[in-house]
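Okay, structure first, notes after.
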Amino acid sequence: MKTRRRKLLEDRQTIVGRSNADENSSPMPNDLMYEIFLRLSPKYIARCRCVSKLWSSILDHQDFTDQFLKQSSLRPRLLFVCLYGSKVSFFSSPQPQNPDENTPPTTASHHMSLHLNDVYQIHSPISGLVGIGDFSILNGRKRPATTSVICNPSTGQSCTLPRIKTRKKHEMRSFFGYDPVGKQFKVLSMTLSHGNAISEEHHVLTLETGKLSWRLIECCVPHHPEHESVCIDGVLYYRAAPNMSSSMDEFMIVCFDFRSEKFSFIKATEPGEVHRVPSLNLINYKGKLASLKPNGSNYFSRENTSFEMWVLDDLEKKEWSKHSYPLPPQWQSVVPNYILKCVGVTGSNEIVFSEDIPSNPFYVFYYSLEKETIRRVEIQGMGGYLKHRLYTFLNHVENVKVMKDVL
């Protein structure tokens, strides 16, 4: 049985063999050329696509894009999405991997910018793609329509999704996710009723080649969804309430399986449970849903001395575990006098904090769960975007697949 590497080499040789003789193909071995391409940045790969049909066919081949994505996952990046008026700009910088090293200031690279109206939510990147949900478009209409867009910061491409055809003229709420079994990107979107903003119609769209269309699905529990969400192993998690005026005791976590396209719900059963945290933000902790709560307040700031981390150990049984961590004395001298947000956990088991409205200089903070220490890394290169709304995401990977091959 052929090994995968041998099959990749044969596929590349087949591509070369089909190329015309006048393409001025490189005299270097095909395998070497392939390895060189894997070392290039997405910016240079985009340029190489324009050199010849031979190079374009190699770089657009599924095996190459899969291998590039795999290698990129070994060197994840921080992704920054800045909202400046109607302008949405994407930056990224290397993500520190060694908690024992004193990381010097790093410069963020600009990837792309879009002009969108009334952006409500930026979703966490998945395999290099970013979903922007629920922004308004006019396009000659008397009343704005609400839709979503999918972006690939690495290639600078974006695609506006078709708007949902519904008689409901109210607010929309959308979420972006991925089915790892079917290997499909999907978008969950719902209309919200006027007044209480309760979900009414629920739709799913699969990002695939050909004409994109929304499918109507069932949800047995109408609810008011919040914006914060995380997708872990094909399951989307977000917090919700029966309605906008619900008490904290009534909050729940909604689970949506992108594979089966079914909803399930985790309701609060104990006093002080994680559902009741007003500033709840959901994160991926070692493949499990988790959230952090600082002591004595609902938000992380310089005044905190410890925090609790809640981890969903068993989704079917809906069992949570609570872990307590002290913040070191250096916390008060290292972090600024602003509210911080937990944006995730790195592969080296460091919790990362960032500001929603970054100050100047702008820092990202790393708390080691193992050593219980705090360090900060300065991010440069975004001076013109500071003092404006900022989304920070961990473990972003570079995806060189062109958008036409994704949709």
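Please treat every number below as a calculation from the coordinates, not as lab data. The shown structure was predicted, so the numbers you read here are calculated from the model rather than taken from an experiment. All Cβ positions, even for glycine, are placed from backbone atoms using ideal geometry, and neighbour counts span all protein chains on display.
Assuming charge only on the beta carbon of Lys and Arg (+1) and of Asp and Glu (-1), the dipole of the stretch 348-407 about its Cα centre is about 200 debye to the nearest 20. The distance linking the stretch 47-71 with the stretch 365-389 is 34 Å (Cα centroid to Cα centroid, whole angstrom). Peptides 121-131, 87-97 ranked from most to least packed, by the mean per-residue count of other Cβ atoms within 10 Å: 121-131, 87-97. For the stretch 186-256, the set of trypsin sites (Lys or Arg not before Pro) satisfying both a DSSP loop assignment and a count of at most 14 other C-beta atoms within 10 Å is given as 211. Here the Karplus curve 6.51 cos²θ - 1.76 cosθ + 1.60, taken at θ = phi - 60°, turns the phi angles of the stretch 386-397 into couplings of 6, 6, 10, 4, 9, 10, 10, 10, 9, 6, 6, 10 Hz, with x standing for Gly and Pro.
Evaluating 6.51 cos²θ - 1.76 cosθ + 1.60 at θ = phi - 60° for every residue in the stretch 360-376, the Karplus couplings come out as 10, x, 9, 10, 10, 10, 10, 10, 7, 5, 7, 9, 6, 10, 10, 9, 10 Hz, glycine and proline recorded as x. Computed from label points 7 Å out along Cα-Cβ, the spacing between residue 380 and residue 112 is 2.8 nm.
Model label points for residue 389 and residue 348, set 7 angstrom from Cα along the Cα-to-Cβ axis, are 3.2 nm apart.
Maximal additional length on extending the residue 227-residue 301 stretch stands at 24.5 nm, based on 0.36 nm per residue less the C-alpha distance. Rounded to the nearest 0.05, the FRET efficiency derived from the C-beta distance between residue 212 and residue 75 at R0 = 30 Å is 0.40.
Based on Cα coordinates alone, diagonalise the gyration tensor for the stretch 287-407, multiply each eigenvalue by 5, take square roots, and list the semi-axes in whole Å, largest first. Semi-axes from the Cα gyration tensor: 25, 24, 13 Å.
Multiplying the residue separation of residue 193 and residue 360 by 0.36 nm and subtracting their alpha-carbon distance yields 56.1 nm. Remark: relative contact order (the stretch 73-406) = 17 percent; criterion is Cα-Cα distance under 8 angstrom and separation of 6 or more residues. Taken along the Cα-to-beta-carbon direction at a fixed 7 Å, the label points for residue 200 and residue 404 span 3.9 nm. Using R0 = 30 Å, the C-beta based FRET efficiency linking residue 338 and residue 250 works out to 0.45. Pairs 43/211; 43/404; 43/387; 186/387: which are spaced more than 25 Å apart, C-alpha to C-alpha? Violating the 25 Å limit, Cα to Cα: 43/211; 43/387; 186/387.
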